[in-house]
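Worksheet for the structure shown next.
The values are calculated or read from the model by the stated rules, or taken from the named source; none is laboratory data. A quick note: this is a predicted structure, and the numbers were derived from the prediction, not measured. Virtual Cβ from ideal backbone geometry, glycine too; neighbours counted across all protein chains shown. Just the protein is used for accessible areas: all its heavy atoms, side chains included, with ligands, DNA and RNA removed. Shrake-Rupley method; radii C 1.70, N 1.55, O 1.52, S 1.80 Å.
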Amino acid sequence: SKSKLRANAIKHGYRSGFEHTVSDQLKENKIKFEYEKDKFKYLPKIRTYNPDFYIPETDIYIEAKGEFTTADRVKMVLVQQQHKGLDIRMVFMNAKNKIYKGSKTTYADWCDKHDYKWANGTIPADWLKK
């Protein structure tokens, strides 16, 4: 069940079952990573963005998303505008999900439009090694 997955994820130090799954993938592939290590401030109202995973070898941040809310999308646009040097990539539980009920736009479409690299389900191998 969803609540069991979440409880298990939290027990292992993650905010969601999907983040836990992504961390397992990194560990299985013997990829060094840091979880929620960095914080980046963004405006208009000073807020902090804390990316899920950082891969030192390739210098990329990975955001693991089950649900990609309006608030998440607004935040990602602001962070991208205000932190030009960051390579942030999205991994979705299901990239075909629509951004809202009745929309034709999927999570993947949104990323393409906003210049975010994205993946469905698992992190592509070429994101993990130089």
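Rounded to the nearest angstrom and listed largest first, the equivalent-ellipsoid semi-axes of the chain from its Cα gyration tensor are 21, 19, 16.
Across all C-alpha atoms in segment 12-56, the radius of gyration and Dmax reach 12.6, 39 Å. At 1.4 Å probe size, with the rest of the protein present, what percent of the exposed accessible area of the chain is carbon and sulfur atoms? Ligands and nucleic acids excluded, carbon and sulfur reach 52 percent.
Extension gain, His12 to Trp127: 0.36 nm times the residue separation minus the Cα-Cα distance gives 39.0 nm. In loop segments of segment 3-108 as defined by DSSP, the chymotrypsin sites (Phe, Trp or Tyr not before Pro) with at most 14 further C-beta atoms inside 10 Å of their C-beta are Tyr100.
Given R0 = 22 Å, the distance between the Cβ atoms of Thr105 and Glu67 translates into a calculated FRET efficiency of 0.90.
Ligands, DNA and RNA are left out, and with a 1.4 angstrom probe the accessible area of the chain is 62 Å² per residue.
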